[in-house]
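What follows is a single structure, written as structure tokens, with notes after it.
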Amino acid sequence: MRILQLIDSLAIGGAERMAVNYANALYDRVEVSALCSTRQEGLLRELIKPEVPYLYLARIRRLDVAAVFRLKRFIKQHQIEIIHAHGSSYFIAALVKLMTPGLKLIWHDHYGNSEFLKDRNTGYLRVFSTLFDAVFSVNKKLAIWAKQTLKVKKTFYIKNFIAEALPYDITKNFQGVRGKRIVCVANLRPQKNHHLLLDAFEKLLETDHEYTLHLFGEALDTLYAKSILQRLKEHPFKSSVFYHGLYFKMSAVLPHFDAGVLSSNSEGLPLAILEYGQAGLPVITTDVGQCKHVLDDAGICVPPEDTEAFASALLYLEENPLEAQQKAKIFQNKVQEQYGAPSILTEVLSIYAQII
């Protein structure tokens, strides 16, 4: 099989990381595993294995005819049989399919606002979905939505998977007391609801001022991001909450922390909680997307937008460290067994074979 992973950007984000994960994990399982970024590169470029054929398309507009032909030439050069298009890259993938007889197209839906599907803009999707040979969805809600709304019969719920953990980075030093460092890996945007996390963390500080919270993620030039960064300069957060910006080798530093949290209003299947599990951290997350299903009883899942519940969960970890570690170990084993590349790729390769 000859597969091309297509993504619009290599900035740090869930869909982008999955595109890289697929390209890297498949390179020794198929004849060709290639990767193309259509609009912009980013930090994830450094994680692409040298064996993976890579194209940066430098697409400058939605309908960029020159970019379409560059992609078509790359597909011909590597004799690609299937485009596995992640997120919004389905648009250019569909255009190339129209020009390339026999080419198959899988759309991988990573939509993060799966709690609010009724508000989703489906204009182009409805038009181009007639060209999809299959749809992969990162949670069950999205899979049902694709069947009902896009009328794509071959729709599959495919779990996200994580790459092997990078070697532990002993050169890093993070502020705070060992045993009391909490980490949140989430770009600073409204969906992630950092304000709720800060409100809940403030209640934890009232019981023990030694706790620290460490935020990783991109801060775009938005009012939301600015409001979060401004709060970090104020009491009681200025000496207890630390923003570390983007870091694309999170698996190398997560073992420095003692619990992983996610306070989102909506999610698909966030890689962050899988990485927390891989690192053996106790996990607190909101009940959105596939989070509750992934955690099961091996972590704490609370209602979204409920500050009191999130604060109670933080306090529970503080008061029950032994139980928290036992659950963390159970979750770590589950992530290794069910969300590693081997188990997921067996299913994906079977679907690829059906489509070809």
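The values are calculated or read from the model by the stated rules, or taken from the named source; none is laboratory data. Everything numeric in this text was worked out from a predicted model, so none of it was measured. Here the Cβ is made from the backbone with ideal geometry for all residues, glycine too, and neighbour counts use every protein chain on show. Note: areas computed on protein heavy atoms with side chains; ligands, DNA, RNA excluded. Shrake-Rupley method; radii C 1.70, N 1.55, O 1.52, S 1.80 Å.
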Handout entry: Relative contact order %, the stretch 1-107, counting alpha carbon pairs below 8 Å whose residues are six or more apart
Key = 31 percent
Exercise for the section: Quote the relative contact order of the chain in percent (integer), defining contacts as alpha-carbon pairs under 8 Å separated by 6+ residues. Expected result: 15 percent
Problem - Share of carbon and sulfur in the accessible heavy-atom surface of the chain [1.4 Å probe, %] - result: 52 percent
Handout entry: Point-charge dipole on Cβ atoms (K/R +1, D/E -1) for the chain, about Cα centre, debye to 20
Key = 1740 debye
Problem - In Hz, Karplus ³J(HN,Hα) per residue of the stretch 63-76 (6.51, -1.76, 1.60; θ = phi - 60°; x = Gly, Pro) - result: 9, 10, 4, 4, 5, 4, 6, 5, 5, 4, 5, 5, 5, 5
Practice task
Determine ³J(HN,Hα), in whole Hz, for all residues of the stretch 234-248 in sequence, where each value follows from phi through the Karplus function 6.51 cos²θ - 1.76 cosθ + 1.60 and θ = phi - 60°; x replaces Gly and Pro.
Solution key: 10, 5, x, 8, 4, 10, 10, 10, 10, 9, 9, x, 6, 8, 9
Practice task
Give the peptides 206-214, 194-202 in descending order of average Cβ contacts within 10 Å, highest first.
Solution key: 194-202, 206-214
Practice task
Pop out the ³J(HN,Hα) list for the stretch 340-356 in order, Karplus 6.51 cos²θ - 1.76 cosθ + 1.60 with θ = phi - 60°, rounded to Hz; leave Gly and Pro as x.
Solution key: x, 4, x, 5, 6, 5, 4, 5, 5, 5, 5, 5, 3, 4, 4, 6, 5
Problem - Accessible area of the stretch 224-302 divided out per residue, in Å², using a probe of 1.4 angstrom - result: 31 Å²
Practice task
May I ask for the angle, rounded to the nearest 10°, between helix 14-26 and the longest principal axis of the chain, with both axes built from Cα atoms and the value confined to 0 to 90°?
Solution key: 60 degrees
Exercise for the section: Any chance you could run the full-extension gain for residue 208 through residue 353? It's 0.36 nm times the residue separation minus the Cα-Cα distance, nm to one decimal. Expected result: 46.7 nm
Fill in the blank from the handout: Rounded to the nearest 10 degrees, the helix 321-338 long axis (Cα) sits at an angle to the longest Cα principal axis of the chain of 10 degrees
Practice task
At 1.4 Å probe size, with no ligands or nucleic acids counted, give the accessible surface of residue 220 in Å², nearest ten.
Solution key: 90 Å²
Exercise for the section: Just grab the label-to-label distance for residue 46 and residue 308, each label 7 Å out from Cα along the Cβ direction, in nm (one decimal). Expected result: 4.5 nm
Fill in the blank from the handout: Of the residues 47, 57, 33, the Cα lying farthest along the dipole of the stretch 33-96 towards its positive end, which is defined by charges on the beta carbon of Lys, Arg, Asp and Glu, belongs to 57
Handout entry: Test item: Cα-centred dipole of the stretch 139-238, Lys/Arg +1 and Asp/Glu -1 on Cβ, debye
Key = 820 debye
